[in-house]
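The values are calculated or read from the model by the stated rules, or taken from the named source; none is laboratory data. Because the structure is predicted, anything quoted here is derived from the model rather than measured. Heads up, the Cβs are rebuilt from the backbone with ideal geometry, glycines too, and the neighbour counts pull from every protein chain shown. Remember, those area values only see protein heavy atoms, side chains included, never the ligands or the DNA or RNA. Shrake-Rupley method; radii C 1.70, N 1.55, O 1.52, S 1.80 Å.
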Amino acid sequence: MKFFTGKASFAAGLGLMLCLAACEPSAGSGVDAGRTDERIVIAGSSTVAPFVTRAAEYFGATSEYRVPIVETTGTGGGIRLFCEGDGPDTISIATASRRMTESEQEYCASNGVSDFLELPLGSDGIVLINALNGPEIELTDREIFLALAKTVPTRRGLAANPYQFWSEINPELPDMRIEVYGPPPTSGTRDAFTEIVLERGALRLPEIVDLRESDAETYNAVAHTIRTDGHWLDSGENDTQIVQALIRSPSALGVAGYSYLEQSSDRVKPASVNGTLPDEASIMSGDYAVSRSLFLYVKRSHIEQVPALRPFLDELFSDVAMGEGGYLVEVGLIPLSLDDRANVLTISQSETPDP
């Protein structure tokens, strides 16, 4: 499984974070810099990172605790670090733009990490974007699949994707080379993109529907595998790299979280998908179907071991952060409802590890 790759780099990143937690003083904190038990360490999704970072900065400025460390490793990387162990020298929170997989849960359990909370943070859309000076793009999920899947139906049956230009898929689309910058395999955004967009587009094609009934293994490979011939370009875990690439290449498209569109609306614009443009209302209502939930994974033992953790969770789900005009809403989070936030806070406040 891909979340097992890069063990050395993950270990190096964890070592750096723990050194920072132990050594780095934080401005505006009344806590002694030598106390490491006050510092929360968080790692994971690049989509969730801007929200958690903003909350961490606010928390450090308004509380007695030090600013939490937030590392962007991708969803898979964050979960990998989270699952390394349950002791005080491991991260407290993994951020994710998808749910933890069964194999990741098994890896956690193999390292003694089985007692943790899955907390929904809010919602986000997956958007296709291009530079403001690029063409207006209107796509269907079928067209997205035919442009980006590694294997597609052809007159000769399933074959390597032959499409080079958008206009080859639909003459009404721009006559420009298919060039899409997107997140790498460790990213939860990429996982969600393949599971939500690519698979739904695949099922618009009768040949793929028939394949699902006759050969489930081949169907899963076809419906979830992005092409690797240079038309999809991995752009790192930080979505800002995708925005920068689009500025350099006005004819290219990018795949990113909705929050990055909000933050970069002076430089990029969205494509419509199935006739709907992404905005807060269309994502919340489900009219814009390319949406997903965001999650936090929190170790129950750390809620007691790390005194700052429970107050930080209270801050993250507070009215100041998630209420109308809250500072997380301002940076693009589509927050939980008031009732859902109350439920999350009830869970996090009541959780204490067994003696």
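Tabulated data
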quantity	calculated
Space enclosed by the convex hull of the alpha-carbon atoms of the stretch 170-223, per residue, Å³	106
Two-decimal Rg/Rh across the stretch 119-217, once Rg and the Kirkwood Rh are taken from alpha-carbon atoms	0.99
Accessible area per residue in Å² at 1.4 Å probe, computed on the stretch 176-218	43
Placed amide H near TYR288: partners under 5 Å, 5+ positions off or other chain	ILE283
Carbon plus sulfur fraction of accessible area for the chain, probe 1.4 Å, in percent	50
Bins of 5 Å from zero: percent of alpha-carbon pairs in the stretch 208-324	2, 8, 11, 13, 15, 16, 13, 10, 8, 4, 1
Under Karplus coefficients 6.51, -1.76 and 1.60, residue-wise ³J(HN,Hα) of the stretch 307-314 in Hz, glycine/proline x	x, 7, 5, 5, x, 5, 5, 4
Dipole in debye (nearest 20) - the stretch 240-355, about Cα centre, beta carbon charges: Lys, Arg +1; Asp, Glu -1	600
log₁₀ of I(q)/I(0) at q = 0.08, 0.09, 0.11, 0.12 Å⁻¹ - the chain, Debye sum with one point per alpha carbon	-0.41, -0.52, -0.76, -0.89
Debye intensity ratio I(q)/I(0), log10, the stretch 93-149, q values 0.19, 0.20, 0.30 Å⁻¹ (C-alpha model)	-0.84, -0.87, -1.28
The chain - charge dipole about Cα centre, Lys and Arg +1 at Cβ, Asp and Glu -1, debye rounded to 20	880
Heavy atoms of LEU277 accessible to a 1.4 Å probe, total area in Å² rounded to 10	100
Helix-only CD estimate at 222 nm, as mean residue ellipticity for the chain, using -39500 (n - 2.57) per DSSP H run (n ≥ 4)	-11000 deg cm²/dmol
Ranked by how many other beta carbons lie within 10 Å on average, peptides 62-70, 44-52 from highest	44-52, 62-70
Packing-based ranking, highest mean first, of 305-315, 149-159 given that Cβ atoms within 10 Å are counted	305-315, 149-159
The stretch 305-355 - Debye-derived log10 I(q)/I(0), Cα point model, q = 0.20, 0.21 Å⁻¹	-0.69, -0.75
Pairwise centroid distance, computed over Cα atoms, of the stretch 293-340 with the stretch 201-243, Å	33
